[in-house]
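Worksheet: one structure, shown below.
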Amino acid sequence: MDTPAQPYLNRALGAYYGLALGDALGATVEFMTAREIVARYKVHKDIVGGGWLGLKRGKVTDDTEMAMSLGSAMIASHGWNLRAIADAFVTWMRGCPIDIGDTCRRGIRRYMHHGILCAEPSEESGGNGAAMRNLPTVLATLDNEALLIERSLEQAHITHHHPFSDAATTLLARMTRLLVANGDKAACARLADEWIARHPVFAFKPWPGRTSGYIVDTMQTVFDGFFHTTNFEDCLVRVVNRGGDADTNGALAGQLAGALYGLEGLPRRWMKRLNPKVKEIIYDQTHKLLDFSSREKSRDVFSTPASTLHRCNLPTRVISSEAFQEHPRPIEIEGVRQSHTGLFHPFMGMVHAEDRSRFFQNYVGEKFGLDPKTGRPKASKTGYSYLNLLRAWGTDSNGQAGAVLKAWAENRFGIPAIYHQGLLAEQAKARERYLQDRLRGTAKSVGVMTQLDLLFTFCQDELHLRFPNATCLTLYRGTHDPEEYALRDIHGPDSLLEHKLVRLNNLSSFTSDPEVAWEFGSSAWEVQVPLSKITFFSGLLSKSLLAGESEHLVLGGYYRVRCLSC
């Protein structure tokens, strides 16, 4: 079945068909208890339709339908376009689907009314709806794990933003990738064991006996079925006969088992009963998504950043480009000024910067319940505020707080992080650490993303008040670690030997003092940084955060830099 051009086709089709088969099989017994299933079916092992939704035999539910919507949006966009994916979810919901989860409905409606592509972290979004639809993302990024993680989280956050949902969605993506690539169940088990050691809430031995739509219950039920059976049918029968959220549990178990056992492992009687239109769509999408994956395999580090997730007025490709440095434009985060007129209208009439700074800090402190002494949320001894994040960044930009700030830059401007204790595209441990820091940090940072939105907007206004005739500031950066950057010499008739093109991390520190830059590196760069890409600078707030090194926090992307001599 495999071909030289698409070596993953057999297992990829197995995973996608497996998702649909588990969905169709499990839907019949969704919300039933295991005892009720035994009383009615003894063992439920055939696709017969019915259930509380009254499905026709072979019909699928929202699990498969949302996955197919995601896949169709990617194919129609010839790649990754998060707004097109959200639009596809809107179209699907407007078509009156037979079933839709509450969190998915809320997220899609939020996008419809406000254009928001990233939900705020919430305890209410810990369901399995983000994980159940993610398979097309996996198939399109099989040869690039960094993109797989990045895009899995982007599509998830349209509706779900919860540390357990994020962790489970990315783990299932990595496991499916591993299985489609080589069918190594033992390696999959090691990956799961390592992950559970970091997230013990997901431990499934012995199986805890819960089958709800909560992502922890789903993962425990799926893992119990997948790791304790030796063929596709036994895996799905074990999972769905436990009832509860049987369609989603069955779909995710089918995705893993299908990727492991391939097309030949799928029961023929089930495939015959699966809806013909669904089979046709899956077959077509799988081929096209695998084509995308092959294109991503050798993505040049100097190619345009892949992420299109953003909540601002300019496309990511524009903000990240070298051309933006030459021709800066204002950057606005959507809805910030309109939602906080009580902040931005009054302070523009204040003459003194100290008064504006004090007014800003008082407004944010009252709005988000921050302790005036510690700067932390009053309701939490460990929670982050924008002030805590900035202080922690000054100590260690690669710590948990740094991951939250980088996540904010990704969510608002679409610029992906490329470094966090290592190059994310090349070092699996660095990717895992970044994901872990990001999940744990955002879990205790409810509201902090909005605080950072306000800080950025305030910073922009203050920069233009202090530098009314400027579009850029001359800033400096020192480094001991050139591997953190992608450097390229600039060639051409107007180029100079000391000029290079670099791709900076999505949030990077600069200084306005060239002498300070040399204290932080064996080499130093001089950079013309657009005012609109500066998110914070020392002296912006009355407490003078990050003032010791005259520090500026700058959005990343591509920059032309001049290498300074000692």
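How long are the semi-axes of the equivalent ellipsoid of the range 193-273, taking √(5λ) for every eigenvalue λ of the Cα gyration tensor, in whole Å from largest down? Intermediate results must be reported in sequence, preceding the final value.
Working: eigenvalues 104, 39, 18 Å².
Equivalent ellipsoid of the range 193-273: 23, 14, 10 Å, largest first.
What nm value, rounded to one decimal, do you get for the distance between E354 and R35 when each label is placed 7 Å out toward the C-beta?
With each label point 7 Å from Cα toward Cβ, the separation is 7.3 nm.
Please list the non-local residues whose amide H lies under 5 Å from the amide H of S212, H modeled 1.01 Å from N, same-chain partners needing a gap of 5 or more.
Here the answer is D245, since their amide H atoms fall under 5 Å of that of S212.
Please determine, in degrees from 0 to 90 and to the nearest 10, the orientation of helix 386-395 with respect to the longest principal axis defined by the Cα atoms of the chain, where the helix direction is its Cα long axis.
Between the helix axis and the principal axis of the chain, the angle is about 80 degrees.
What FRET efficiency would be calculated for the residue pair H345, D284, taking the C-beta separation as r and a Förster radius of 51 Å, to the nearest 0.05?
It comes to 0.45.
How high is the FRET efficiency from H480 to E124, r the C-beta distance, R0 45 Å, rounded to 0.05?
Working: r = 44 Å, r/R0 = 0.98.
The pair H480/E124 has a calculated efficiency of 0.50.
Could you calculate the contour length gain from A76 to N182, that is, 0.36 nm times the residue separation minus the distance between their Cα atoms, to one decimal place in nm?
Full extension from A76 to N182 adds 35.3 nm.
When the Kirkwood hydrodynamic radius is evaluated over all pairs of different C-alpha atoms of the range 1-94, what value in angstrom, to one decimal, is obtained?
The Cα-based Kirkwood calculation yields 15.4 Å.
Given a 1.4 Å probe and every protein chain left where it sits, what share in percent of the accessible area of the chain is carbon and sulfur?
Numbers: 11650 of 22570 Å².
C and S fraction of accessible area: 52 percent.
Thinking of the range 173-220 as a set of Cα atoms, what percent of all their pairs are more than 12 Å apart?
65
Just check the range 374-480 against the gyration tensor rule for me: Cα atoms, a ≥ b ≥ c as the square roots of the eigenvalues, rounded for a/c under 1.5, and otherwise prolate or oblate depending on whether a/b exceeds b/c.
oblate
What FRET efficiency, computed as 1/(1 + (r/R0)^6) with R0 = 51 Å and r the Cβ-Cβ distance, is obtained for D46 and K378, rounded to the nearest 0.05?
It comes to 0.35.
Given Cα pairs under 8 Å that are at least 6 residues apart, what percent is the relative contact order of the chain? Could the numbers behind the result be given before it?
Details: 1062 pairs, mean separation 88.0, N = 566.
With pairs under 8 Å counted, the relative contact order is 16 percent.
When only C-alpha pairs under 8 Å and at least 6 residues apart count, what is the relative contact order of the range 328-421, in percent?
It rounds to 12 percent for the range 328-421.
Expressed in nm to one decimal, what extension gain is obtained for the pair Q338 and E519 from 0.36 nm per residue of sequence separation less their Cα-Cα distance?
61.0 nm
Once you treat every alpha carbon in the chain as an equal point and sum by Debye, what is log10 I(q)/I(0) at q = 0.05, 0.08, 0.11 Å⁻¹?
Taken in order of the listed q values, log10 I(q)/I(0) reads -0.23, -0.56, -0.98.
Taking the Cα atoms only, what angle lies between the long axis of helix 102-114 and the longest principal axis of the chain, rounded to 10 degrees?
Once rounded, one gets 40 degrees.
In degrees from 0 to 90, rounded to the nearest 10, what is the angle of the helix 215-227 Cα long axis to the longest principal axis of the chain?
Orientation of helix 215-227: about 50 degrees from the principal axis.
Rounded if a/c is under 1.5, else prolate if a/b beats b/c, else oblate: with a ≥ b ≥ c from the C-alpha gyration tensor eigenvalues square-rooted, which is the range 144-205?
Here the range 144-205 falls in the oblate category.
I need the per residue convex hull volume for the range 233-294, using only the alpha carbons, in cubic angstrom as a whole number.
Output value, Cα hull per residue: 101 Å³.
Once you put a point 7 Å from the Cα of R105 and another 7 Å from the Cα of E264, both along the Cβ direction, what distance in nm separates them?
Calculated label separation equals 4.5 nm.
Would you mind classifying the range 311-440 by shape? Square roots of the alpha carbon gyration tensor eigenvalues, ordered a ≥ b ≥ c; an a/c under 1.5 is rounded, otherwise it is prolate if a/b is larger than b/c and oblate if not.
Oblate, since a/c reaches 1.5 and b/c is not below a/b.
So the label point goes 7 Å from the Cα of K367 along Cα→C-beta, right? Which residues of the range 330-354 then have their backbone N under 11 Å from it?
336-345
Along its three principal axes, how long is the range 71-179 when you only count alpha carbons? Whole Å, largest extent first please.
Result, largest extent first: 36, 33, 25 Å.
Let me know the volume per residue of the alpha-carbon convex hull for the range 310-371, in Å³.
134
Using only C-alpha atoms and all pairs of different ones, pull out the Kirkwood radius for the range 409-450 in Å with one decimal.
11.1
Could you do me a favour and compute the accessible area per residue for the chain, 1.4 Å probe, result in Å²?
40
Just to verify a number: what accessible area does Y363 come out at with the full protein assembly present, 1.4 Å probe, Å² rounded to tens?
Estimated to the nearest 10 Å², Y363 gives 40 Å².
The values are calculated or read from the model by the stated rules, or taken from the named source; none is laboratory data. These numbers come from a predicted model, not from an experiment. All Cβ positions, glycine included, derive from the backbone under ideal geometry; neighbour counts span all protein chains shown. Accessible surface is based on the protein model in full, side chains and every heavy atom, while ligands, DNA and RNA are left aside. Shrake-Rupley method; radii C 1.70, N 1.55, O 1.52, S 1.80 Å.
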